[in-house]
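Here's the structure, in structure tokens; my notes come after.
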Amino acid sequence: MRTRKLFFLVFVLALFACSKGKNAAASSAGAASTSAASTDASNLPPDSVPAPTFNANRAMQYVKEIVSFGPRPIGSENHKKVENYILSHLKGDDVEQDSFNVHPTEGTFPVHNIIAKFPGTRNGIIVIASHYDTNWPLRNTSYIGANDGASSSALLLEIANQLRGNKLDGYSVWLLWDDAEESMKLPWDDPESLYGVRHLAQKWQDDGTLKKIKAFILEDMVGDADLNIEHDTNSTPWLEDLIFKAATRLGYQSHFFARSMAVTDDHMAFLQRGVPSADLIDFDYGYNDVFWHTTDDTVDKLSPKSLEIVGTVTLDTVHLLNQR
Ligand SMILES: [Zn+2]
């Protein structure tokens, strides 16, 4: 109950995105299989298409490599290294880079959104996003963000592997590694908040891209071995329904939507502009959230199975979006 009370407080304070905890040590999911791309096809209705594939071991390796750079605040050498790391995995892909400076009270800092575009046969775009920065420079203690930043960024790298190759049979999918999420201040729409997505949403509104976006799916803190994705009441209801339908089709519904809460995160800038948006986030990370934004946010708390669950549900949601 203390955990729930804390959640309530988090709400009341309109505290932001990223995560919260659960007792990973007591988790039944914690033992998670490390097999690659192994969604149980027997869960699927007989007339349905096969489950998406997702290499969980490879995704977990990406998490470890991102974390190896250390804390990744904007403007730091480590941040530059992870930028280059992401770009090195996107060689040959159609990549848009959105770079600009922000000028908070602490000084001037570079912000760098990275977008990889995988074209489809159908007119319209599905955006899947994750922030890749960690702590705000000068304000917080340093942490390496295995779950908060690395897990979702690694998940997108593996999704890129699955999308790369032939033209997609459906909407185009754009993967967005957005930046400076951790610059947040309260409230969420403070000018010194969620810099990367706010800049990109405005840019895409100005250049006409925004109206082509059919759905914006955000991933944040998706690697917890004790995976419990929240039902986010800020997210677009029909898109949440579609995500749950995908989770159910794959037999993973027990990891989704046991609790409802309003999450403020990188999807808000798109929601506010009328883009159907959803946040896949496990806001409960370590008992009483002790791993969140601390040096305890380390790889040993994560499971490749959790990455596989969220990765395949995301890809199956894309499939369902293409059927609408
Ligand atoms: Zn965070």
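Things to note:
- Annotation note: of 232, 241, the sole residue that is surrounded by fewer than 24 Cβ atoms within 10 Å (Cβ to Cβ) and away from the ligand (no atom under 15 Å from the Cβ) is 241.
- Meeting the requirement of 3 or more residues that are aromatic (Phe, Trp, Tyr) and without any contact (Cβ under 8 Å) to a residue 12 or more places away in the chain, no strands (runs of 3 or more DSSP E) wholly within the range 220-302 can be named.
- Candidates 153, 142, 130: the one that is in contact (Cβ under 8 Å) with a residue 40 or more places away in the chain, within 16 Å of the ligand (Cβ to nearest atom) and in a strand (DSSP E or B) is 130.
- Considering (1) out of contact with any strand residue (DSSP E or B) (no Cβ under 9 Å at 6 or more places or on another chain); (2) surrounded by 21 or more Cβ atoms within 10 Å (Cβ to Cβ), the lone condition that residue 266 does not fulfil carries the number (1).
- Residue 136 within 16 Å of the ligand (Cβ to nearest atom), hydrophobic (A, V, I, L, M, F, W, C) and assigned to a loop (DSSP other than H, G, I, E, B): yes
- Hey, residue 58 of a type in the set (D, E, K, R), part of a loop (DSSP other than H, G, I, E, B) and farther than 30 Å from residue 208 by Cβ or not: no
- Residue count for the range 88-118, restricted to those that are within 27 Å of residue 292 (Cα to Cα) and surrounded by 15 or more Cβ atoms within 10 Å (Cβ to Cβ): 9
Throughout, read-outs are computed from the coordinates displayed, never taken from laboratory work. Because the structure is predicted, anything quoted here is derived from the model rather than measured. We place every Cβ from the backbone using ideal geometry, glycine too, and count neighbours over all the protein chains shown.
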